[in-house]
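The values are calculated or read from the model by the stated rules, or taken from the named source; none is laboratory data. Since this is a predicted model, take the numbers as computed values, not measurements. FYI the Cβ positions are ideal-geometry reconstructions off the backbone, even for glycines, and counts take in every protein chain you see. Surface accessibility is based on the protein's heavy atoms, side chains included, excluding ligands, DNA and RNA. Shrake-Rupley method; radii C 1.70, N 1.55, O 1.52, S 1.80 Å.
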Amino acid sequence: MKPKILLIEDDEIDQMAFERFIKREQLNYDYSIAGSTSEAKAKLDNDEFDVIITDYMLGDGNAFDILDIAGRTPLIFTSGVGDEEVIVQAMKSGASDYLIKDSARNYLKVLPLTIDKTIRRREAEKRLQTAEDEIKKLSIVASKTSNAVLIFNKDLKIEWVNEAFSIMTGYRLLDLKGTSGELLRNDKKNLFDDDRIKNEVLNKKRSHTYEMINYTNEGEKYWVLTTLTPILDIYGKIDKIIAIESDITKTKQAEEEMREAKEKAEESKRVKEEFLANMSHEIRTPLNGIQGFTELLLKNVKNEDHRQYLEAIKFSSDNLLCIINDILDFSKIEAGKLELEETLFYLRDLIESIFNSFIFKAEDKGIALVKEIENNVPDSLIGDPVRINQIITNLLSNAIKFTENGTVTLTVSMASRDGKKVELLIAVTDTGIGIPKDKLAKIFESFAQATSSTTRKYGGTGLGLSIVKSLVQLHQGDISVKSIPNKETTFSFNIHLVEAHNKKISKKENEEILDVDISGLNILVAEDYPMNQILISETLNNWNLNVDIVENGKLAVEKLRDNDYDIVLMDVNMPEMSGFEATKLIRSSLEKPKSTTPIIAMTASALKGDREKCLSAGMDDYISKPFDQNELFRKLVHYSGSKKMQTQT
């Protein structure tokens, strides 16, 4: 914006010289010229100017007449040589500056600098006046506000505090005046020695807000949120610093309580996870022995009564394993730690295997087991077959459990398709006891069952359907139930998967893998539980493998150092040295090829992250206990690198 200049000059030659100078020097001024005091008064009445330049002697008056009406507008006084006393009088009367006129009019050369200096001084005075006005207003507010207010002078010493400050701290102005607030600090340091405050407030001259601990006159600690604001003088130097403080002690106490509560919750969560891991290990370890030996005995038993007893043991151990898995899955879902895998699977094979596991149970109860899969449902899919198996198995198991006669039907249809993305609708319908209408809304809640008599008669944890619902939701789907008591119940759910176009491995190829001759392989087993040692030894001996067993990781490292093995089966939790530590030592301290010997983890833990933990420790693969013998065999085939692939005849 152009500075507005009023020149008051009765000499026309001086007027023209001024105008020529402005044009020649290309000065960006918006100027106006008055030839007399009366003309100047008229212009001042109708307009505002940033600077007035006036000659001393005017035709109808003099410059002092202009001073009287100029008000706050800065005035530059011009006069000829010999009028020094007049100039002194003008400066005392309020003129901002002066120039001595010479016959060559050289004074015009310094006029722009004088105008610029005068304008800057006026702006600085305005700022100072504004600041002083603000301080006056602030002092009124500060005396009434509940926040503590302190004012520091340019020497960074306290010169004023409000009553709220005295109430907050117990200190009066007399106690702190002339100090830098050292009494408020436990370390008795100057407030302005802090590097952040020094940089922001003193160097950059801008407001700075921070939190700090102060102490009352009785030594009681309290937290304050402080804003320091510098007030600058007309030269841009700090004249005062205003500090406004809010007591945030209660907020800080609440934050500390929340932090402690969070730490306790995290510790509780950690203890819970540790307990679940230990529980899983402690229960699965003996269960591994029970199931494993039962399977070995079932392969050789001749007596039908003995077979019946063994099958009862297997049925009970399978149920126990299901309950353990339910509890672990529920805990993982609760903690948000259950994630879906994305692997290739074949839907019809999956459903066939699920159905085969229920055929005998259904036949024993005289129930017809029916499956209906629409032709347009793709077979090769990408998803989590384990979790889909879990959903369908749970629903079929319940349907058979609660049906005394009639039919259990599984239907699979296509709900929608978008390119390779498919949405399947799966339903399980039974003709069993049904669910009362008032229980339908709660059937998917944790630990919920239709009635208390249901638990007594049919067993179960009441977690199954809650887990099923969570698994369906992980598949971006939803599950619902319709039931007519003693007539029909249908559970239906939709899941989102991706269609794959991979070549399907034939049943024959699968069987060939199980018929590979791996006899003669040298296997090192690290296992501390005696029953599991016997079980794994018997299992491996049945496949004609050479087996050495040690009871901890340290012995496993020593054994591998002194002998050659094709594969190491490594328990994870062992005394003296864990499987993790042993694997890391094998990978780092032994020379090739021993350091690259395939290591398969065998663990009774079944929590999320176990597989990743094993792989990050340097293990090649992972199998959980109780282990499936066919799965173990496949892994031994894979890591042995056998090329025989000869089918037994």
Quiz item: So which helices (runs of 4 or more DSSP H) stay within the range 441-527 end to end and still have 1 or more residues that are at pLDDT below 90 and within 34 Å of the chain's Cα centre (by Cα)?
Solution: 464-474
Quiz item: What about Glu404, is it surrounded by fewer than 20 Cβ atoms within 10 Å (Cβ to Cβ), of a type in the set (D, E, K, R), under 13 Å from Ile351 (Cα atoms) and touching a residue at least 24 places away in the same chain (Cβ under 8 Å)?
Solution: no
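Yes or no, residue by residue, for (1) in contact (Cβ under 8 Å) with a residue 60 or more places away in the chain; (2) hydrophobic (A, V, I, L, M, F, W, C); (3) part of a loop (DSSP other than H, G, I, E, B); (4) surrounded by 11 or more Cβ atoms within 10 Å (Cβ to Cβ):
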{"site": "Met212", "(1), (2), (3), (4)": "no, yes, no, yes"}
{"site": "Gly219", "(1), (2), (3), (4)": "no, no, yes, no"}
{"site": "Ile234", "(1), (2), (3), (4)": "yes, yes, yes, yes"}
{"site": "Glu266", "(1), (2), (3), (4)": "no, no, no, no"}
{"site": "Gln291", "(1), (2), (3), (4)": "yes, no, no, yes"}
Quiz prompt | Any hit, the range 82-96, residues being small (Gly, Ala, Ser), farther than 28 Å from Thr37 by Cβ, in contact (Cβ under 8 Å) with a residue 24 or more places away in the chain and surrounded by 16 or more Cβ atoms within 10 Å (Cβ to Cβ) | solution = no
Self-check item: Members of the range 140-166 that are in a helix (DSSP H, G or I) and touching a strand residue (DSSP E or B) at 6+ places or on another chain (Cβ under 8 Å)
Solution: Ala142, Ala164, Phe165
Quiz item: Of the residues in the range 142-190, how many are loosely packed, with under 14 Cβ neighbours inside 10 Å and over 28 Å from Gly236 (Cα atoms)?
Solution: 8
Quiz item: With respect to Ile53, is the statement that it is of a type in the set (A, V, I, L, M) and at pLDDT 90 or above true?
Solution: yes
Practice problem: Working only within the range 415-440, note down all residues that are part of a strand (DSSP E or B) and open to solvent by less than 40 Å² (accessible area, probe 1.4 Å). | Solution: Val422, Glu423, Leu424, Ile426, Ala427, Val428, Thr429, Asp430
Exercise. Scan the range 615-634 for residues that are open to solvent by less than 30 Å² (accessible area, probe 1.4 Å) and at pLDDT 85 or above and jot them down.
Key: Ala617, Gly618, Met619, Asp621, Ile623, Leu632, Phe633
Practice problem: Identify, by number, the condition in (1) open to solvent by 20 Å² or more (accessible area, probe 1.4 Å); (2) in contact (Cβ under 8 Å) with a residue 60 or more places away in the chain; (3) within 21 Å of Pro286 (Cα to Cα) that Thr539 doesn't meet. | Solution: (1)
Quiz prompt | Where Ala17 falls short, out of the listed (1) closer than 21 Å to Ile119 by Cβ; (2) open to solvent by less than 40 Å² (accessible area, probe 1.4 Å) | solution = (1)
Quiz item: In this structure, does Thr603 turn out to be among the β-branched types (Val, Ile, Thr) and in contact (Cβ under 8 Å) with a residue 24 or more places away in the chain?
Solution: yes
Exercise. Check the range 590-610 and report whether any residue there is over 27 Å from Phe293 (Cβ atoms), at pLDDT below 90 and touching a Ser or Thr at 6+ places or on another chain (Cβ under 6 Å).
Key: no
Practice problem: Mind counting the residues in the range 28-69 that are open to solvent by less than 60 Å² (accessible area, probe 1.4 Å), over 19 Å from Lys117 (Cα atoms) and assigned to a loop (DSSP other than H, G, I, E, B)? | Solution: 3
Quiz prompt | Breaking point among (1) more than 20 Å from His501 (Cα to Cα); (2) in contact with a helix residue (DSSP H, G or I) (Cβ under 9 Å, 6 or more places away or on another chain); (3) part of a helix (DSSP H, G or I), for Thr409 | solution = (3)
Quiz item: Mind checking which residues of the range 544-555 are more than 20 Å from Thr583 (Cα to Cα) and open to solvent by less than 50 Å² (accessible area, probe 1.4 Å)?
Solution: Leu545
